[in-house]
1. Need pairs with beta-carbon distance below 6 Å; first residue within 28 Å of residue 4 (Cα to Cα) and within the range 79-90, second open to solvent by less than 100 Å² (accessible area, probe 1.4 Å) and among the aliphatic types (A, V, I, L, M); sequence gap 6+ or separate chains.
2. Do we find that residue 103 is free of Cβ contacts under 8 Å to residues at least 60 places away in the same chain, among the basic types (Lys, Arg) and open to solvent by less than 90 Å² (accessible area, probe 1.4 Å) in this structure?
3. Name every residue in the range 43-66 that is in contact (Cβ under 8 Å) with a residue 12 or more places away in the chain and among the aliphatic types (A, V, I, L, M), in order of residue number.
4. Could you please let me know if residue 42 is at pLDDT 95 or above, of a type in the set (Gly, Ala, Ser) and open to solvent by 60 Å² or more (accessible area, probe 1.4 Å)?
5. Going by the structure shown, is residue 88 charged (D, E, K, R), surrounded by fewer than 13 Cβ atoms within 10 Å (Cβ to Cβ) and at pLDDT 95 or above?
6. Whether any residue in the range 71-81 is within 13 Å of the chain's Cα centre (by Cα), within 20 Å of residue 11 (Cβ to Cβ) and open to solvent by 60 Å² or more (accessible area, probe 1.4 Å) is what I want to check.
7. Out of 8, 18, 56, which single residue is out of contact with any Phe, Trp or Tyr (no Cβ under 8 Å at 6 or more places or on another chain) and surrounded by 13 or more Cβ atoms within 10 Å (Cβ to Cβ)?
8. So which strands (runs of 3 or more DSSP E) stay within the range 1-41 end to end and still have 1 or more residues that are in contact (Cβ under 8 Å) with a residue 24 or more places away in the chain and of a type outside the set (Lys, Arg)?
Amino acid sequence: AYFVDRLGFLLVEDTRLGPEKRWVVVAPRGGRGTSLLLARAATPEQRAAVGRQGGGRVFLFLHTDDFARDHAALLARGVAFAEEPREEPYGTVAVFEDLHGNRWDLVQPRPAAPPPPPPH
């Protein structure tokens, strides 16, 4: 529900594999083949790692073609941003945390500089 309702992802598949297991796949809109398989932690070791997969660092990147639009939409749906948007050499970015505390970058990359003209 978090990925669909808060982040606006599409539910690609939700298949029950038994009383305690589901195969749930979500994908960002316009993600060009990108998707996430969501699985419930099943062992104490797995449960201890939930929310710490990136060791406290950003390790997931959600690209957008309109930062202001998507940042405002995520805020309106209750997504917790850890910082204000900022400009970096690679684009506009802000860090948010998902429901388990994993850190993501919402990023609108800068367009690539055009190649120099060919020599005459």
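1. 81/94; 82/95; 83/94; 83/95; 85/94
2. Numbers: free of Cβ contacts under 8 Å to residues at least 60 places away in the same chain: yes; among the basic types (Lys, Arg): yes; open to solvent by less than 90 Å² (accessible area, probe 1.4 Å): yes.
In short, yes.
3. First, pick out the residues of the range 43-66 that are in contact (Cβ under 8 Å) with a residue 12 or more places away in the chain: 50-54, 56-66.
The answer is 50, 58, 60, 62.
4. Details: at pLDDT 95 or above: no; of a type in the set (Gly, Ala, Ser): yes; open to solvent by 60 Å² or more (accessible area, probe 1.4 Å): yes.
In short, no.
5. Numbers: charged (D, E, K, R): yes; surrounded by fewer than 13 Cβ atoms within 10 Å (Cβ to Cβ): yes; at pLDDT 95 or above: yes.
The answer is yes for residue 88.
6. Of the residues in the range 71-81, the ones within 13 Å of the chain's Cα centre (by Cα) are 71, 74, 79-81.
Subset that is within 20 Å of residue 11 (Cβ to Cβ): 74, 79.
From the residues that got through so far, the ones that are open to solvent by 60 Å² or more (accessible area, probe 1.4 Å) too are none.
Among the residues of the range 71-81, not one is within 13 Å of the chain's Cα centre (by Cα), within 20 Å of residue 11 (Cβ to Cβ) and open to solvent by 60 Å² or more (accessible area, probe 1.4 Å), which makes the answer no.
7. Values: 18 fails: surrounded by 13 or more Cβ atoms within 10 Å (Cβ to Cβ); 56 fails: surrounded by 13 or more Cβ atoms within 10 Å (Cβ to Cβ).
From the options 8, 18, 56, the qualifying one is 8.
8. Once the strands (runs of 3 or more DSSP E) in the range 1-41 are filtered for at least 1 residues that are in contact (Cβ under 8 Å) with a residue 24 or more places away in the chain and of a type outside the set (Lys, Arg), what remains is 36-38.
The values are calculated or read from the model by the stated rules, or taken from the named source; none is laboratory data. In this text, all values refer to a predicted model and were calculated from it rather than measured experimentally. As a convention, Cβ positions derive from the backbone with ideal geometry for all residues, glycine included, and neighbour counts pool all protein chains shown. Heads up: the accessible areas ignore ligands, DNA and RNA and are worked out on the full protein's heavy atoms, side chains in. Shrake-Rupley method; radii C 1.70, N 1.55, O 1.52, S 1.80 Å.
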